[in-house]
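Colleague: Pasting in a structure now, in structure tokens, and then I'll have a few things to ask.
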Amino acid sequence: MKDIENRIEFWTKADEGRTKGRSMPHPFMSHPEMFQSKDVLEIGPGWGRQFKQLDPLVSTYCVADICQKVLDRKVYKDIDRVLIEDYQQDLNTKFDVIAFWYVIHHILGSELDDFFSFLNRHLYVGGSVFFNCPGDEFDQEIGSPENINGDGIKTTPHGLKKIKNMLQKYRFKISYSKDIALNCYVLLAEKIGDLT
Ligand SMILES: C[S@@+](CC[C@H](N)C(=O)[O-])C[C@H]1O[C@@H](n2cnc3c(N)ncnc32)[C@H](O)[C@@H]1O
């Protein structure tokens, strides 16, 4: 991953509380059925805002992050944790749901293909990705600021059109999409097939 050391340093400091962003902690709670009794992978769990809400509902919960400091948080001590080195890696398991909140703009444009391939490879057919992304007003390509919520080392707000194209390319069908707040466009998409 490009600039991985700098990115890890940024998120380690963020975890220590030196960098705090403003965002909605759990934009998904109107959909508890999405997580009920499911095997869930959360990418980029941070301090555990989503984990704490969802843990009582799920069958299993696994967290994955590029930052070891995040994974070492006490809140995750009883669950599976995966250090992400790049998105070509294979966890040799599959999930019902992969969720990531306020994370996708920290995936660089050059990593998006690997990221969406990772999502497909780690979900059962019929499983879902559930995530939020900045709305089109933050799209770099249409001239908005380069960095939002601080700089996770070249944070890249991808436009919705690009995200929707990626979902289609990696065999997801969007089942729900809604602009629920500034910087919080929610997407739910079902995996309709394996990659060939
Ligand atoms: C803005 S925080 C969001 C944390 C949490 N989801 C929340 O809403 O409170 C971003 C999280 O993603 C992690 N992260 C940053 N870049 C990442 C990447 N390329 N892959 C996986 N996780 C990443 C950070 O370490 C951090 O845990």
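Colleague: Tell me the residue from V129, V125 that is more than 10 Å from the ligand (Cβ to nearest atom), buried (at least 18 other Cβ atoms within 10 Å of the Cβ) and outside any loop (DSSP other than H, G, I, E, B), please.
Modeller: On the way: V125 fails: buried (at least 18 other Cβ atoms within 10 Å of the Cβ).
Exactly one of V129, V125 is more than 10 Å from the ligand (Cβ to nearest atom), buried (at least 18 other Cβ atoms within 10 Å of the Cβ) and outside any loop (DSSP other than H, G, I, E, B), namely V129.
Colleague: While we're looking at this one, here's another question. Tell me, which strands (runs of 3 or more DSSP E) lie completely within region 23-97 with 1 or more residues that are touching a residue at least 40 places away in the same chain (Cβ under 8 Å) and buried (at least 17 other Cβ atoms within 10 Å of the Cβ)?
Modeller: On the way: elements: 39-43, 60-65, 80-83.
Result: 39-43, 60-65.
Colleague: Would you check which residues across region 132-144 are outside any loop (DSSP other than H, G, I, E, B), at pLDDT below 60 and of a type in the set (D, E, K, R) and list them?
Modeller: If the condition is that a residue be outside any loop (DSSP other than H, G, I, E, B), at pLDDT below 60 and of a type in the set (D, E, K, R), then E141 is the only one that fits.
Colleague: Here are some residues: D96, D113, D179. Which one is of a type outside the set (S, T, N, Q), at pLDDT 90 or above and in contact with a strand residue (DSSP E or B) (Cβ under 7 Å, 6 or more places away or on another chain)? Working first, answer last.
Modeller: On the way: D113 fails: in contact with a strand residue (DSSP E or B) (Cβ under 7 Å, 6 or more places away or on another chain); D179 fails: at pLDDT 90 or above.
Result of the check over D96, D113, D179: D96.
Colleague: When the residues of region 26-41 are narrowed to those that are in contact with a helix residue (DSSP H, G or I) (Cβ under 8 Å, 6 or more places away or on another chain) and farther than 20 Å from A181 by Cβ, which ends up farthest from the ligand (Cβ to nearest atom)? Working first, answer last.
Modeller: Taking region 26-41 first, the residues in contact with a helix residue (DSSP H, G or I) (Cβ under 8 Å, 6 or more places away or on another chain) are 26, 28-29, 35, 40.
With the extra rule that they be farther than 20 Å from A181 by Cβ, the set shrinks to 35, 40.
Values: F35: 15, V40: 13 Å.
Here the answer is F35.
The values are calculated or read from the model by the stated rules, or taken from the named source; none is laboratory data. None of the values given here were measured: they were computed from a predicted structure. Glycine gets a Cβ as well: all are built from the backbone with ideal geometry, and neighbour counts include every protein chain shown.
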